[in-house]
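Reading through the structure tokens given below for one structure.
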Amino acid sequence: MFGIFKKKQEDVFEQLDTNNLPVHIGIIMDGNGRWAKKRGLPRSAGHTMGAKVLEQITRDAGHLGIKYLTVYAFSTENWSRPAEEVKALMKLMVEYLDDYRRLIGDEDICVRIIGSKEGLSEEILEKIKIVEDATKNNSAITLNIALNYGGRDEIVKSVKKIAEGVKDGSISVDEIDEKMISDNLYTNYMPDPDFIIRPSGEQRLSNFLLWQSAYSEFWYSDINWPDFTKKDLIRAIVDYQKRNRRFGGV
Ligand code: FPP
């Protein structure tokens, strides 16, 4: 019996095709609050555990050969959460960025933060600069942390930048195309996500990478983010590898 179970566990690793990996994976790190509630802990404990899991999954993804990992850490809509929770999340973010050496260790991880800078404290802005600068030459995997990020807000900002160009005469209306909009998004230095993972049972995009996910494959699961493991990541990727991506063609 145990033998069969063990074999099944190993299978998922054996099924992985390392020559057909998604280049860019997005993760909506959901279910932290439910994870904490189940254990009688404050929601902030779920976020703390979620941050630890992110650390491990980033390393795992890098070792597997994933080039870009974009995670949703705080949305432009999350400001409406109770003040205490927002405060705890911002504190966690400062600690996390401050202790980025623990996150990257001797791994070749480049850390970038995407999202609006409006409303972020001077302290966070300073930490962002430090971590981005310190890791900018690392290249095995880029971890993009979406902080104060909203997909619609990002598109509006892109359109406004282009409109400024039209106004000052540097861009003609005929020149505006999809590439120009993409080039003016926060994500302009990376390919669109091939694969988006959302744990915790919800099946929605919640304003995450709206423009970029036009042809992304999606994977949902009931696992809360703080329980997410390398095996779950591999299981998800194996599932992705069974999909037939057609990008609107046949
Ligand atoms: C959604 O779960 C999660 C968030 C809004 C925050 C995600 C943040 C982290 C995983 C940790 C912080 C990351 C960094 C980079 C330090 P939820 O709170 O909505 O959970 P629920 O749906 O179960 O209530």
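Side notes on the structure shown:
- The amide H of ILE113, built 1.01 Å from its N in the peptide plane, has ILE145 as neighbours under 5 Å, considering only residues 5 or more places off or on other chains.
- Shown in residue order for the range 103-119 are the 3J(HN,Hα) couplings computed by the Karplus curve 6.51 cos²θ - 1.76 cosθ + 1.60 at θ = phi - 60°: 5, 8, x, 9, 8, 8, 10, 9, 10, 10, 10, 10, x, 7, 8, 4, x Hz (x for Gly and Pro).
- HN-Hα J in Hz across the range 190-206 - Karplus 6.51, -1.76, 1.60, θ = phi - 60°, x for Gly and Pro: 9, x, 4, x, 7, 8, 10, 10, 10, x, 5, x, 7, 10, 8, 8, 6
- Cα gyration tensor category, rounded, prolate or oblate, for the range 145-219 with a/c compared to 1.5: prolate
- Residues LYS167, LYS230, LYS127 arranged by fewest to most Cβ contacts within 10 Å: LYS167, LYS230, LYS127
- Three-way shape call for the range 1-120 based on the alpha-carbon gyration tensor, with the a/c threshold at 1.5: oblate
- Note on TYR220, TYR240: ascending count of other Cβ atoms within 10 Å places them as TYR220, TYR240, the fewest first.
- Close amide H partners of TYR149, meaning residues 5 or more places away or on another chain with modelled amide H under 5 Å apart, are PHE74, SER75, THR76, SER116.
- Hydrodynamic radius (Kirkwood) for the chain, which is based on Cα pairs only, to one decimal in Å: 19.4 Å
- Only Lys, Arg (+1) and Asp, Glu (-1) charged, at Cβ; the chain dipole about Cα centre in debye: 900 debye
- In terms of surrounding Cβ atoms within a 10 Å radius of their Cβ, SER216, SER121, SER80 rank from fewest to most as SER80, SER121, SER216.
- Gap separating the Cα centres of the range 7-58 and the range 180-212, nearest whole Å: 18 Å
- Cβ charges +1 (Lys, Arg) and -1 (Asp, Glu), total dipole of the range 146-250, debye: 360 debye
- Gained length - ASN188 relative to ASP106, 0.36 nm times residue gap less alpha-carbon distance: 26.8 nm
Each value in this text was obtained by applying a stated rule to the coordinates, not by laboratory testing. Please read all numbers here as calculations on a predicted model, not as lab measurements. Neighbour counts are summed over all protein chains in view; Cβ atoms, including those assigned to glycine, are modelled from backbone coordinates with ideal geometry.
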